[in-house]
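The values are calculated or read from the model by the stated rules, or taken from the named source; none is laboratory data. Every value quoted in this text rests on a predicted model; they were computed, and no experiment measured them. Areas reflect the complete protein model, heavy atoms only, side chains present, ligands, DNA and RNA absent. Shrake-Rupley method; radii C 1.70, N 1.55, O 1.52, S 1.80 Å.
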Amino acid sequence: QRRVRKAVVSTQSTGDDGSWRVFNGNELGAMFGAIALANWQAGNPGNTTEKIYMNCSTVSSKFLRSMAQKEGFLYEECLTGFKWMANMALKKHAEGYTCLLGFEESIGYMYGMNVLDKDGISAGPILSAKAVQLYQEGTTLAAFLEAQYVKYGRHISNNSYFLCYEPSKFDQMFGEIRDGGYPESVGRFKVTAVRDLTVGYDNNYEDLKPRLPVCPDSHMITFTFENGCLVTLRTSGTEPKIKYYSEIVRSPENPVPEKEMRAELDELVRAVVEHLLQPAKFDLKPRPS
């Protein structure tokens, strides 16, 4: 008897022939967040969420933040790497919180506190069980994700990287971004806030100090734009890459068609690449296709 596979769960991002819907790390993180909260609520009927806790890396989607604002649980973001997420979860556990999820956009999930690290072995069955439930109900993971966007707001990301084999060019690039003050606009997009975790600057706060740890040995700048988009530029600590992470969010009260959101975010990313990364000037090589 021929079996038709409706879903495949993998711990690595893989390509496909175009006939599959491949969820990115942020989309999976949104689904894990919704699953984790629903599972906790099912096991704790009548309890409030004020001692529930979730976190994610600062370059990941802000979907958990949107959830927390609506559902009343505690959300925090941290530097990239599960040592940060796990240690923050342990700290909050000691304060009486229950950590349901930590995630990173690069396909990494810490579901609960049984394994305080990125662990696909424990996360995979959670998603698989949800997929089975949904298919038995006559629906899909894609429809489940869409339902979360209707409830908490649509979040769309556009993340990628360039290669560069001369580290000094990274210093030159970020030096130009900082020289004479951070840019007030990128293309037609107005900058409203800047956080620079390399030098310890964040004008989101009156004291101009970031709430995340400063890392002077690597470059990392986050721009907030007037249209609500976020863009983070970050050098990799292990590979010859300059990475960019971007997200556009629209609230459920003011929905915007997905196509329009993607077009606006793509235009912003093109402007960031042209005006800040400047591939031709700094000899950056595009991500291999």
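Put the Cα centre of segment 239-253 next to the Cα centre of segment 54-119 and the gap is 18 Å. Pairwise Cα separations in the chain fall into 5 Å bins from 0 onward with the following percentages, short to long: 1, 5, 11, 15, 17, 17, 14, 10, 6, 3, 1, 0, 0, 0.
At 1.4 Å probe size, with every protein chain present, just tell me what the per residue accessible area of segment 159-236 comes to in Å².
Working: 3980 Å² over 78 residues.
Value returned for segment 159-236: 51 Å² of accessible area per residue.
Placing one equal scatterer on every Cα of segment 124-168 and applying the Debye formula, the log10 ratio I(q)/I(0) at q = 0.18, 0.34 Å⁻¹ is -0.68, -1.08.
Each DSSP beta bridge with both residues in the chain is either parallel or antiparallel, and the antiparallel ones are about 75%. Look at the alpha carbon pairs under 8 Å that are at least 6 residues apart: their mean separation over the length of the chain gives a relative contact order of 16 percent. The fraction of accessible area contributed by carbon and sulfur in the chain is 49 percent, rounded to a whole number (1.4 Å probe; ligands and nucleic acids excluded).
Relative to the longest principal axis of the Cα atoms of the chain, helix 120-136 runs at roughly 60 degrees.
Going through the cross-link list K118/K281; K91/K169; K62/K190; K83/K209; K6/K83; K169/K259, which pairs have a Cα-Cα distance over 32 Å in this structure? Pairs exceeding the cut-off: K118/K281; K91/K169; K6/K83; K169/K259.
Where the alpha-carbon atoms of segment 41-197 are placed on the principal axes, they occupy 56, 39, 31 Å, in descending order. Measure nothing fancy, just the Cα-based angle from helix 25-43's long axis to the longest principal axis of the chain, in degrees from 0 to 90, nearest 10. For 25-43 against the chain, the angle is about 40 degrees. Taking 0.692 mPa s as the viscosity and 37 °C as the temperature, the Stokes-Einstein diffusion coefficient of segment 115-259 based on its alpha-carbon Kirkwood radius rounds to 180 µm²/s.
Averaging the sequence gap over all C-alpha pairs within less than 8 Å and six or more residues apart, then dividing by the number of residues, gives segment 173-239 a relative contact order of 26 percent. Determine how large the accessible area of R21 is when every protein chain is in place; take a 1.4 Å probe and give Å² rounded to the nearest 10. Estimated to the nearest 10 Å², R21 gives 120 Å².
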